[in-house]
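Throughout, read-outs are computed from the coordinates displayed, never taken from laboratory work. All values derive from a computational prediction rather than experimental measurement. Counting neighbours? That spans all protein chains shown, and the Cβs are built from the backbone with ideal geometry, glycine included.
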Amino acid sequence: MPVGFYGKFCTEVNNERHTWFVQSLVKASVELPVVDIELKDLDEYLDENAWFHGKNEPTLRAFIQHYKRVDQVDLKYPIIMNPQFGVLDGLHRIAKSHVLGLTSIKAVILTELPEPDYIGEF
């Protein structure tokens with residue numbers, strides 16, 4: 001896993017907040033086959049508020065931070081998806097692929113999620 005690979009995926013399960021760190025998702029996906037996904041099949045994420053919830057205001061500073069991450073992301077690493085929750089990791093890679101005019105992106109599909117790294121109140 002490259003240096004700087006960080007982040008988390010959170011979702012509500014049975015009124016609890018389940019959190020997986022990207023490192024755990026990457027570890028669970030290492031042996032899985034990499035497939036090509038058409039970007040048009042991921043268009044729903046283009047209109048989703050992916051990064052600016054709660055205290056994360058969509059300020060210019062916050063936009064610049066995400067712009068830098070989109071610019072620096074390495075497309076050789078596949079996005080991580082799950083049939084139930086969709087994209088778990090890889091929105092910056094999806095954004096970069098769109099900016100570059102690509103039509104597909106590499107992905108791994110986790111059919112089973114590892115145990116959450118954290119469970120707490122939502």
[x] 28; [y] 32; [z] 41, with the label sought being that of the calculated percent of Cα pairs over 23 Å apart:
[y]
With +1 on the Cβ of every Lys and Arg and -1 on the Cβ of every Asp and Glu, the dipole magnitude of the chain about its Cα centre, in debye rounded to the nearest 20, is 580
Please report the base-10 log of the normalised intensity I(q)/I(0) for the range 56-122, using a Debye sum with one equal scatterer per alpha carbon and no solvent, at each q in 0.12, 0.22 (1/Å).
-0.42, -1.01
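Which pairs in the list Lys40/Lys68; Lys55/Lys106; Lys55/Lys76; Lys40/Lys76; Lys76/Lys96 are over 22 Å apart, alpha-carbon to alpha-carbon? Intermediate values should be presented prior to the final figure.
Numbers: Lys40/Lys68 24 Å; Lys55/Lys106 32 Å; Lys55/Lys76 32 Å; Lys40/Lys76 19 Å; Lys76/Lys96 12 Å.
As for pairs spanning more than 22 Å Cα to Cα, those are Lys40/Lys68; Lys55/Lys106; Lys55/Lys76.
Nearest-5 percent of antiparallel DSSP beta bridges in the range 5-122? Intermediate values should be presented prior to the final figure.
Numbers: 17 of 20 bridges.
Within the range 5-122, antiparallel bridges account for around 85 percent of the total.
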Projected onto the charge dipole of the range 8-121 (unit charges on the beta-carbon of Lys, Arg, Asp and Glu, signs +1, +1, -1, -1), the Cα from Leu110, Gln23, Ile64 with the largest positive-side position is that of Ile64
